[in-house]
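The values are calculated or read from the model by the stated rules, or taken from the named source; none is laboratory data. The structure displayed is predicted, hence computed values, not measured ones. All Cβ positions, even for glycine, are placed from backbone atoms using ideal geometry, and neighbour counts span all protein chains on display.
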Amino acid sequence: MSSDYNTAVVAKYKLELQGPAFQALLNWLNPDRDCAGEEYVRLHRRLAKIFEARGCLRPEDCADETFNRVGRQLLEGKEIRTDNPPIYIDGVARLVLREQWRKPAPEPIEEVSANRLPQDPDADATAKSEKEAWHVCLETCLQQLPSESRQLLLEYYAEEKSRKIETRSRMAKQLGVATSVLRNRIFKLRNSLRGCVATCLAR
Amino acid sequence: MSSPNDTHSLIISYLLGLLPEPELERFERSYLTNEDLFNELQEVEDELIDDYASGALTGEQRASFEKYFLRSSQRREKLAFATAITERAVAWQSGTLVSADNPILDTTSPDLPDSSSSKLHLIFWKGPVPAWRQWVAIAAAVVLAIVIGMLWLRNRDLRRQLSSADANYARLRQEVDAQSKSTAETKAELSAEQQQTQMLESQVEQLQTSSVDRIGDTIVNVVLGLDYLVGATRGSEKKVKTQAVSADARLIRLTLDIAPSSFESFNILLRRADESVVWRRSGLKATPAGDRRKLKLSIPAENLSSGEYQIRVVGVPPEGDAELFGNYFLKIERKRAPR
């Protein structure tokens with residue numbers, strides 16, 4: 001998922017790179033173009049995470065809006081005196097966040113009555129087909145993982161409720177690593193699997 | 001510097017919206033600049049989703065997770081993924097790759113996105129068996145052994161009860177058979193007595209038609225006094241009375257002397273030396289004769305050929321079982337008719 005995120009953000013970054021405001025932003029982040037691009041992507045992800053945690057419905061858009069505002073300020077000639085650009089950007093992000101909070105909340109999708117939606121006679125069949133495709137992709141992607149990784153992932157997910165915590169400790173002990181290392185390994189495997197399933201479904 | 005556990009708890013609290021605003025902002029600024037903290041945040045977030053999907057969160061955590069954490073659509077997508085892979089892993093562990101309504105293995109589906117998917121088969125990956133499962137298996141085996149033992153003991157008791165019931169049934173069956181045999185004998189005796197009665201009636205009828213002067217020749221009176229009685233308990237010696245019976249004799253009238261007793265009636269059985277029954281009579285009442293009693297019965301003479309006979313007398317009390325009163329012994333000597 002993180003690779004998808006990077007791809008999307010970098011694509012947008014390249015597209016907007018032509019804009020003077022964005023160029024000003026990048027120069028402010030780092031005079032080196034490549035380093036500036038990496039810093040932009042890195043900060044964008046973190047901002048999106050903050051907006052997501054704070055309940056923004058479209059966290060990436062909120063992060064974009066934050067950067068756009070900083071870019072416009074720079075283009076307008078505002079002198080931003082700081083040794084720590086991320087902290088300044090964080091301050092702008094707080095303003096964007098408060099504006100988001102002041103906006104009327106859209107009606108939650110779950111509360112839209114089913115009879116207000118257009119009736120699709122093939123909806124059930126479509127959902128079933130999608131579900132089947134999803135499961136087949138999951139199965140396919142699981143099999144594409146190396147045997148050890150696949151077994152590690154399934155064993156990690158196999159236990160339920162309180163036993164899951166015990167299982168993590170036991171697995172970490174068996175592997176001879178700390179639970180944080182195991183968590184990191186599972187995190188990478190999970191992201192790899194998510195990416196594979198997403199690619200499979202997009203075919 | 002905070003410990004890893006503190007950081008982990010802080011991240012959980014942050015993700016579940018449990019931090020106060022100042023601390024929350026401080027934490028967000030930290031992970032904006034701290035690469036390691038941000039990475040850990042992402043890892044813990046995914047782990048939290050996994051925990052929710054597998055039901056490992058506490059009630060309070062679940063409530064916060066549903067109310068606060070799941071506001072994000074991306075997080076809901078992650079939860080769907082975690083739920084699916086958890087189901088898949090549980091099925092893998094339990095040995096059933098998919099549930100009945102889970103079409104993962106429907107390899108005939110035309111919607112397969114990849115031709116390689118059609119190569120999916122029932123694959124059971126072997127994983128290490130967790131220790132707790134081994135203990136559960138051992139406990140299950142012990143419980144099973146106890147249950148089997150209890151069932152075996154119960155089965156043994158039931159078999160014993162069944163055997164006892166069979167024995168009782170066999171005993172009752174024997175009693176019923178004996179009773180049936182006794183009833184049959186009684187019926188046979190009754191039938192014999194009916195035949196005797198018919199014979200006697202026939203003899204009486206013939207005697208009635210005979211001339212008066214010939215009656216004295218055709219009826220033979222035999223009196224057996226007390227001195228001929230061999231009692232059941234008295235131990236007196238056997239004494240046989242010899243009686244000559246002419247060829248013309250039609251009826252033999254037996255008179256048996258007996259002492260007074262409490263018996264209500266008597267059963268008489270006349271048997272040959274070979275114990276074959278010649279005559280029987282039941283319910284015979286004793287008639288008083290001074291200080292004695294007499295039992296009288298008539299027997300067609302034709303039934304008594306030459307030979308020794310035992311006359312068995314059985315007393316029948318008003319209540320209770322009949323008992324042997326005594327025996328008389330009689331020797332018949334039939335005379336040939338003159339040519």
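Tell me which residues, restricted to segment A:155-178, are buried (at least 17 other Cβ atoms within 10 Å of the Cβ) and more than 8 Å from chain B (Cβ to nearest Cβ).
Answer for segment A:155-178, where residues must be buried (at least 17 other Cβ atoms within 10 Å of the Cβ) and more than 8 Å from chain B (Cβ to nearest Cβ): A:Arg168, A:Met171, A:Ala172.
Among B:Glu45, B:Glu77, which is the only one that is within 18 Å of A:Arg168 (Cβ to Cβ), more than 8 Å from every other protein chain (Cβ to nearest Cβ) and among the charged types (D, E, K, R)?
B:Glu45
Just to be sure, is B:Ser54 touching an Asp or Glu at 6+ places or on another chain (Cβ under 7 Å), closer than 23 Å to A:Asn191 by Cα and facing chain A (nearest Cβ under 10 Å)?
yes
Suppose we keep only residues that are hydrophobic (A, V, I, L, M, F, W, C) and surrounded by fewer than 19 Cβ atoms within 10 Å (Cβ to Cβ) within segment B:20-49. Which one would you say is nearest to A:Leu43 (Cα to Cα)?
Per the stated criteria, the residue is B:Phe38.
Would segment B:226-238 turn up any residue that is farther than 23 Å from B:Glu201 by Cα, hydroxyl-bearing (Ser, Thr, Tyr) and touching a strand residue (DSSP E or B) at 6+ places or on another chain (Cβ under 8 Å)?
Within segment B:226-238, one or more residues are farther than 23 Å from B:Glu201 by Cα, hydroxyl-bearing (Ser, Thr, Tyr) and touching a strand residue (DSSP E or B) at 6+ places or on another chain (Cβ under 8 Å).
Do we find a residue being of a type outside the set (Phe, Trp, Tyr), closer than 20 Å to B:Ala244 by Cα, in a strand (DSSP E or B) and under 49 Å from the mean Cα position of the chain (by Cα) anywhere in segment B:325-332?
No, segment B:325-332 contains no residue that is of a type outside the set (Phe, Trp, Tyr), closer than 20 Å to B:Ala244 by Cα, in a strand (DSSP E or B) and under 49 Å from the mean Cα position of the chain (by Cα).
Taking segment A:50-104 as the search range and keeping residues that are surrounded by fewer than 17 Cβ atoms within 10 Å (Cβ to Cβ) and polar (S, T, N, Q), which one is farthest from the other protein chains (Cβ to nearest Cβ)?
Only one residue fits best here, namely A:Thr82.
Against the conditions (1) outside any helix (DSSP H, G or I); (2) under 60 Å from the mean Cα position of the chain (by Cα); (3) at pLDDT 90 or above, where does B:Ala82 fall short? Just the number, please.
Just one mismatch for B:Ala82, condition (1).
Output the residues belonging to segment A:137-151 that are touching a residue at least 24 places away in the same chain (Cβ under 8 Å) and either at the interface with chain B (Cβ under 7 Å from one of its Cβ atoms) or under 15 Å from B:Ala82 (Cα atoms) (or both).
A:Cys137, A:Leu138, A:Thr140, A:Cys141, A:Leu142
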